[in-house]
Every structure is written in C-alpha cells, then in structure tokens.
Amino acid sequence: MEETIEDTMDIKGKIYLLTFVSFLVGTLQFVIGGILDKVALSVGVSVSTVGQVITAFSLAAAIGTPIFMMATAKMDRRKQLLIGLAAILLSTISTIALPGFGFLMFSRIILGVGTGIYNISAYAIIAKMAPPGRQAMALSNLAMGASAALVIGVPIARVVAAVYDWRIIFLVIGILTLLSIVAVIRMIPTAAGEAPIPLSQQLSLLKNPKITVALSVSFFMFVAYSIVNSYTTPFLLSVMPSMESRISVILLLLGVASLVGSKLGGFLADRMGAARTLVGGMIVQAIALMMIPIFSGSVIATVSLLIIWAIAAWICGPTLNFNLVSLAPEASGIMLSLNSTFIQFGFAAGAAIGGIVVGSASIMAIMWTGAASVAFAAIVGMVSFGLAPSRKNTPL
C-alpha cells in the first residue's frame with residue numbers, strides 16, 4: 001500500500017508540473033492581447049499592425065504543428081515535449097533580445113509551433129501516465145493550467161506592463177521555462193510514440209458533410225472570438241480611457257468568466273444536448289456583441305456584456321469538441337486534431353480581420369464584425385443540427 005501511495009504522489013507531481021508549464025505556455029499565448037497597446041508603442045507600429053502577430057501565432061500552430069507531429073510520430077513523446085519547450089524558450093529569448101516588429105513576428109511564429117507541439121505531447125503523456133479511470137480528471141487539470149493563464153497570468157502581466165517594460169513578462173516566463181525543462185528531464189518518463197496517421201486518412205473525414213459543417217461552425221465561432229478577444233484591451237481603453245488602472249481587473253473578470261463558461265457548458269450539454277447548447281451559446285454571444293456599441297457609454301453595461309459574451313463563448317468551446325467526437329467516435333483523435341487546426345485558423349483569420357477593421361473603420365466596429373461572424377456560425381449550426389424551425393428536430 002505504501003508503494004501505491006508513493007506511486008500516486010509521484011504521478012500527481014508529474015501532472016502538476018505539466019499543468020504549471022501549461023499555465024506558462026497559456027500566458028505566453030494570450031498575454032499579447034492584454035498588452036497590445038504597450039507592445040505597439042514599444043515597436044513603433046499601430047495597434048492593428050501589431051495585432052497581426054496573433055495571426056502569425058495561430059497560423060504557425062495550425063500548419064506547423066500537424067506537420068511536425070506527423071513527421072515525428074514515432075519519436076519518444078518526452079523528446080517531442082522537450083523540443084516544444086525548447087522552441088518556446090527560443091521564442092522568449094528572441095522576444096527579449098531582438099528589437100523591432102519583424103523579430104517579434106518571428107518570435108510568435110516559433111512560439112505558435114512550440115505551443116502546439118507541447119500541448120499535444122503533454123496530453124499524450126498524461127493520458128498514458130494517469131491511472132485507469134482517472135485520465136479525464138488528469139487531462140482536465142492540464143486544461144485548467146491554460147485556463148488559469150486567462151484568470152491569473154494575463155491580468156498580472158497587464159499590471160507589470162503598466163509599471164515596467166512589457167518584456168520583463170517574457171524574461172520571467174523564460175526563466176521559469178528553462179527551469180521547467182530541467183524538471184521535465186528529471187521527472188517525466190519516456191513515452192513511446194504512435195504509428196503516424198496518413199494525411200489522406202485525416203482529410204478523408206472532410207468528405208462527410210456533417211463533419212465539414214461542424215468544423216465550419218468551429219471556424220466561424222473562433223473567428224468571432226479572435227476578432228473581439230485580440231482587441232479587447234484597446235477597445236476598453238477607447239471606451240474608458242481614464243480607467244487604465246482597472247483594465248487588469250476587467251481582464252481578471254473575463255478570465256473568471258471563461259472558467260464559469262467552461263463548467264456551465266458541460267452542465268448544459270448534459271441536460272439540453274450539445275446542439276442546443278452550442279447554438280444557444282452562439283446566439284447569446286451575437287446579442288451581447290451587438291448590444292455593446294449601443295451601451296458603450298456605460299462602463300458597467302459594457303463590462304457586463306463582455307462578461308456575458310465570454311461566458312457564452314467558453315460554454316461553446318468544450319461542447320464543440322464533444323459534438324465533433326460524437327460524429328466520428330471511432331476517429332476521436334483525428335477529429336480533435338482537425339478541430340484544433342480549424343480553431344487555430346479561426347484565431348488567425350479573426351486577428352487579421354480585426355486588424356483590418358480597426359485600421360480602416362473603428363475599434364467599435366470589431367463588435368459588429370464579431371457579432372456577424374458568430375451569428376453566421378449560429379445559423380449554420382441551426383440548419384446542420386436540425387434546430388431550424390422549418391426542419392424536424394434531430395439529435396446529434
């Protein structure tokens with residue numbers, strides 16, 4: 001029994017380590033949106049221009065990660081994990097040491113690939129490491145690490161950027177990443193790779209119209225999310241310029257809203273079904289985003305609507321994965337990989353569209369643009385899930 005307890009504690013320690021690293025990686029991913037104005041001022045470009053580094057990150061994750069994972073499918077998972085962490089460390093070093101917008105773009109591309117490699121490898125390692133019957137809990141802990149970045153990492157980073165140079169954030173995370181690499185080498189065991197899944201097999205699933213439509217819903221919903229999320233801080237500063245000191249508090253509230261939405265999504269999907277939960281969440285998002293420009297004169301109303309939007313968006317996030325896996329349970333791994341790719345493409349497109357809108361129209365227009373994208377996703381979802389009034393209601 002003593003050995004069993006020791007083994008259990010050892011596994012928990014390894015899971016906590018990877019969860020902490022997920023927190024660091026998640027903070028690096030999301031922090032740019034929280035300090036976009038500071039970064040733009042530092043590198044001498046407009047907010048809409050610097051926002052395109054979010055596009056670069058997402059495209060690198062969407063394209064580079066699958067290529068790397070397929071090319072190294074037989075490689076030991078720990079080696080893949082360390083390669084991902086090495087890329088993340090390289091990106092933090094280049095962000096700190098190399099000046100100018102071009103090098104910042106390069107750094108975010110490296111970070112995008114490294115983040116994708118780390119996430120996939122960490123999930124695979126934990127799934128094999130966790131005791132039978134506890135895999136789901138272990139994987140949820142890893143996901144909580146990334147969610148904690150929104151609740152803790154980004155708001156703290158905003159405070160640091162307001163008082164000091166924003167690069168200090170990357171310096172601290174870089175040091176912690178280096179220490180994490182040492183800890184991974186010492187604590188994480190080797191884990192065999194898997195037989196590579198041919199790209200043709202993955203793409204063959206796209207011939208199924210239901211799968212294609214479901215992936216398009218993911219794409220357009222995350223286009224909307226990225227449009228708004230990428231430019232939330234500049235939007236808040238334009239609406240309430242005298243309240244910069246409170247931006248970090250608002251970002252904290254939006255992070256908490258993401259956690260509430262994630263939990264609420266699972267609860268509602270169990271009781272209402274994934275289809276109704278998804279469509280309902282997207283409709284709430286569209287309504288909240290359309291109302292924000294109308295009530296932008298009120299700080300309380302604007303922040304409240306943003307919180308409602310964040311909760312509704314994160315209600316949809318986990319439910320999208322459940323929906324896709326239910327369409328092809330025999331190929332759940334491939335479905336999750338495809339969904340992740342489409343989500344990253346959505347992030348990239350949203351950041352690019354948001355930059356164009358901010359540069360050519362106004363910061364307020366991102367709300368209307370985001371509302372239009374998520375409303376379109378809701379309409380597609382209603383039709384494909386059989387929830388439109390003119391069609392018979394059918395379960396997923």
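Tabulated data
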item: Unmet criterion (only one of (1) surrounded by 24 or more Cβ atoms within 10 Å (Cβ to Cβ); (2) aromatic (Phe, Trp, Tyr); (3) at pLDDT below 85) for residue 267; result: (1)
item: Test: residue 109 is among the β-branched types (Val, Ile, Thr), under 29 Å from residue 189 (Cα atoms) and out of contact with any helix residue (DSSP H, G or I) (no Cβ under 7 Å at 6 or more places or on another chain); result: no
item: Selected residue (criterion: modelled with the highest pLDDT) from residues of region 188-207 that are surrounded by 14 or more Cβ atoms within 10 Å (Cβ to Cβ) and over 30 Å from residue 278 (Cα atoms); result: 188
item: Options 65, 95; residue that is hydroxyl-bearing (Ser, Thr, Tyr), touching a Lys or Arg at 6+ places or on another chain (Cβ under 8 Å) and crowded, with 20+ Cβ neighbours inside 10 Å; result: 95
item: Failed condition for residue 76, given (1) over 19 Å from the mean Cα position of the chain (by Cα); (2) among the charged types (D, E, K, R); (3) buried (at least 21 other Cβ atoms within 10 Å of the Cβ); result: (3)
item: Positions within region 300-325 being polar (S, T, N, Q), out of contact with any Leu (no Cβ under 7 Å at 6 or more places or on another chain) and surrounded by fewer than 20 Cβ atoms within 10 Å (Cβ to Cβ), in sequence order; result: 304
item: Candidates 117, 109, filtered to the one that is in contact with a Phe, Trp or Tyr (Cβ under 9 Å, 6 or more places away or on another chain), more than 19 Å from residue 31 (Cβ to Cβ) and assigned by TED's automatic domain parsing to the domain that holds residue 36; result: 117
item: Qualifying residue in region 317-338 (condition: of a type outside the set (A, V, I, L, M, F, W, C) and modelled with pLDDT of 80 or more); result: no
item: Members of region 364-394 that are at pLDDT below 55 and polar (S, T, N, Q); result: 390, 393, 394
item: Filter pass, residue 343 being over 23 Å from residue 261 (Cα atoms), modelled with pLDDT of 75 or more and within 19 Å of the chain's Cα centre (by Cα); result: no
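Each row is one residue, and each column tells you yes or no for (1) surrounded by 18 or more Cβ atoms within 10 Å (Cβ to Cβ); (2) of a type in the set (Asp, Glu); (3) in the same structural domain as residue 372 (by TED's automatic domain parsing); (4) over 20 Å from the mean Cα position of the chain (by Cα).
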| site | (1), (2), (3), (4) |
| --- | --- |
| 209 | no, no, yes, yes |
| 223 | yes, no, yes, no |
| 230 | yes, no, yes, no |
| 244 | no, yes, yes, yes |
| 249 | no, no, yes, yes |
| 292 | yes, no, yes, yes |
| 295 | no, no, yes, yes |
| 298 | no, no, yes, yes |
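The values are calculated or read from the model by the stated rules, or taken from the named source; none is laboratory data. Only a predicted model underlies this, so the values are computations on that prediction, with no experimental measurement involved. Note: ideal-geometry Cβ built from the backbone for every residue, glycine included; neighbour counts use all protein chains shown.
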